[in-house]
Amino acid sequence: MLGDREFRRICQLVRAHAGIVLSDAKRPLVQTRLAPRLRALGLASYTDYVALLDDPNSPEHAELVNAITTNVTAFFREPHHFELLGQVLAQRASRTRRLRVWSAGCSSGQEPWSIAMTIRETLGACAGLDIKVLATDIDTDILAAAAAGAYSTEQVAPVGRERLQKFFTRDGAAWRIADELRSLVTFKQLNLFAPWPMHGPFDVIFCRNVIIYFDVENKAKLIRRYHSLLAPDGHLMLGHSESIGAGAVGFASIGRTVYRKAA
C-alpha cells in the first residue's frame, strides 16, 4: 500500500523532475503504475522504493516519470490544427526556405507523423526546402515506440485509406511509417523544464494536452520559453482543454487553441 509519506515524496519528486502536479485523487493511479516497478526491482514496499529515489543519481527517476506520464494521442487529433498548419507552412514557404515544426510531448508519435503527412501533402517533395520536424517527450519508453513508427489497424483508422496507402507500408499485423516521412522527423528525449539544446526559431510549436499537468507557475514559465523560440508570427497549438492563461503576454488568440506570436 502506498502510504501518505511515500505518496507525498513521490509527488515532490515528479514535480521537481518533470513539472507534473499530482493531486491526492491520483494516489490509486500512482500505486497501480508503480507496482510493476517494485516487482521488477524486487522491492517489498513503497517505502523501499522511495528510499531508492532519494539517491539523486538513481536511474529510477527516469523510470518513475515513464510510469507516471499519461500518453493519449491519435492521428490527426483536432484536425483544425493540421488544416491551419498546412496554410501556415504554405505561406511561409513562399518567403523562406527554412521551416521548423516542434511536437513537444509527442507521446507515441501520431502527432509528429501527422505533421509530416501534412507537410508532404502541402509542400510535395519539399524540393529546395530545408524543413524538419522535432518530436520530443520526457518518457523514453513511449519515445522509442514513436520513433519505431509501427501502429495497429485500429490506431491508423483516423488516417483514411488514401493516406494509409501513400504514407504507410504493411508489416504483418502492423502499419509502418514510410521512409519519406521518416526523413522529416527527428525524435529526442527532452524534459520541458530542463535546459533546451535547440535554439529555434520554430514556425509552429505543438504542445497539446501537456500543460494541463502543470501548475500555474510552470505553465507560465513554459509559455514564455515557447514564445522565445518561435519565429516572428510563429504559431503555438495547445490542446482542446488548454489555454495560455490570462496573464500570458506576446500571443494573440487566432482561433480554437491556436495562438500567434504577437511581439
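The number of residues in segment 101-122 being more than 24 Å from GLY19 (Cα to Cα) and either of a type outside the set (D, E, K, R) or crowded, with 21+ Cβ neighbours inside 10 Å (or both) comes to 8.
The number of residues in segment 161-179 that are within 12 Å of GLY149 (Cβ to Cβ) and not in a strand (DSSP E or B) comes to 3.
Can you tell me which residue among SER107, SER103 is closer than 20 Å to THR257 by Cα, touching a residue at least 60 places away in the same chain (Cβ under 8 Å) and assigned by TED's automatic domain parsing to the domain that holds ILE212? Don't jump to the end; show me each part of the working.
Values: SER107 fails: touching a residue at least 60 places away in the same chain (Cβ under 8 Å).
The unique qualifying residue is SER103.
Taken over segment 103-120, the criterion of being assigned to a helix (DSSP H, G or I) and closer than 23 Å to LEU238 by Cβ is satisfied by GLN110, GLU111, PRO112, TRP113, SER114, ILE115, ALA116, MET117, THR118, ILE119. Of all residues in segment 215-237, those satisfying the criterion of being touching a Phe, Trp or Tyr at 6+ places or on another chain (Cβ under 9 Å) and either over 21 Å from ARG260 (Cβ atoms) or in a strand (DSSP E or B) (or both) are ASN218, LEU230, ALA231, GLY234, HIS235, LEU236, MET237. A count restricted to segment 54-101 and to residues that are over 13 Å from LEU123 (Cα atoms), within 20 Å of the chain's Cα centre (by Cα) and either assigned to a strand (DSSP E or B) or not acidic (Asp, Glu) (or both) stands at 23. Screening the candidates ILE142, ILE131 for the property of being part of a helix (DSSP H, G or I), β-branched (Val, Ile, Thr) and either surrounded by fewer than 22 Cβ atoms within 10 Å (Cβ to Cβ) or free of Cβ contacts under 8 Å to residues at least 60 places away in the same chain (or both) yields one hit, ILE142.
The values are calculated or read from the model by the stated rules, or taken from the named source; none is laboratory data. In this text, all values refer to a predicted model and were calculated from it rather than measured experimentally. Positions of Cβ are generated from backbone atoms using ideal geometry, with glycine treated the same way; all protein chains shown enter the neighbour counts.
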